[in-house]
1. Collect the residues in the stretch 45-56 that are in contact with a strand residue (DSSP E or B) (Cβ under 8 Å, 6 or more places away or on another chain), among the β-branched types (Val, Ile, Thr) and not in a strand (DSSP E or B), keeping them in residue-number order.
2. Select from the stretch 54-65 the residues that are at pLDDT 95 or above and touching a helix residue (DSSP H, G or I) at 6+ places or on another chain (Cβ under 8 Å) and write down the one among them that is surrounded by the fewest Cβ atoms within 10 Å (Cβ to Cβ).
3. Please verify whether the stretch 118-130 includes one or more residues that are in a helix (DSSP H, G or I), under 12 Å from the mean Cα position of the chain (by Cα) and farther than 20 Å from Asn19 by Cα.
4. Criterion first (touching a residue at least 40 places away in the same chain (Cβ under 8 Å) and over 23 Å from Glu87 (Cβ atoms)) does Leu147 satisfy it?
5. Sort out which residues of the stretch 111-131 are modelled with pLDDT of 95 or more and out of contact with any Asp or Glu (no Cβ under 8 Å at 6 or more places or on another chain), and write them in order of number.
6. Is the stretch 92-105 home to any residue that is of a type in the set (Ser, Thr, Tyr), part of a helix (DSSP H, G or I) and without any contact (Cβ under 8 Å) to a residue 12 or more places away in the chain?
7. Could you check, for the stretch 33-44, whether at least one of its residues is assigned to a loop (DSSP other than H, G, I, E, B) and more than 16 Å from the chain's Cα centre (by Cα)?
Amino acid sequence: MMNVKPSVFLDTNVLIRANVQTAPFHSETLSAIQQLHRAGAALWISRQVIREYMSVVTRPQTFMSSMKAEKVIERVRYFESHLHVAESSREVTARLLALLEVAPFGGKQVHDANIIAAMQVYDVSRLFTFNAVDFERFSTLVKVLMLEDVAKELQTK
């Protein structure tokens, strides 16, 4: 088990896979999050991730039909009470602008960069995602964990 209890940010795709039983890698993702929790990792999301989660689950996907509003509300309230939530703030925006100066990005990449900005403001060092390639430009700023990396991370001393 790891000696230091890190903070781990959960990307939207991780949150969806862990909370939608018919999503690909549901069981494995849920298990990885539970292992992180048992190891004492502080699990983080942001208001942006909550909005993205709501956007995805309220429209039909290849692995699910639209989630009913009552269920979405219940899940979001659960997230807010069981996970640390990084608030959108002036500091996060300032950090996002600073990132733009050193690692130019645009379009949909703004959302990924905003996650990194929030992580930096809230001192979160690791990002659990299924889209590591989206965060390559920030690999010197945060440690990106894919599903297979979580178990390795837990074994690190």
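1. Val49, Ile50
2. In this case the residue turns out to be Thr58.
3. yes
4. Answer is yes for this residue.
5. The answer is Ala113, Asn114, Ile116, Ala117, Ala118, Met119, Gln120, Tyr122, Asp123, Val124.
6. no
7. Yes, the conditions are met somewhere in the stretch 33-44.
For (1) under 24 Å from Glu148 (Cα atoms); (2) in contact with a Pro (Cβ under 9 Å, 6 or more places away or on another chain); (3) buried (at least 19 other Cβ atoms within 10 Å of the Cβ), each residue gets a yes or a no:
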position	(1), (2), (3)
Ser7	yes, no, no
Val14	yes, no, yes
Glu28	yes, no, no
Met67	no, no, yes
Ser81	no, no, no
Val92	no, no, yes
Val102	no, no, no
Gly106	no, no, no
Ile115	yes, no, yes
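The values are calculated or read from the model by the stated rules, or taken from the named source; none is laboratory data. As the structure is a prediction and not an experimental result, all values here were calculated from the model. Virtual Cβ from ideal backbone geometry, glycine too; neighbours counted across all protein chains shown.
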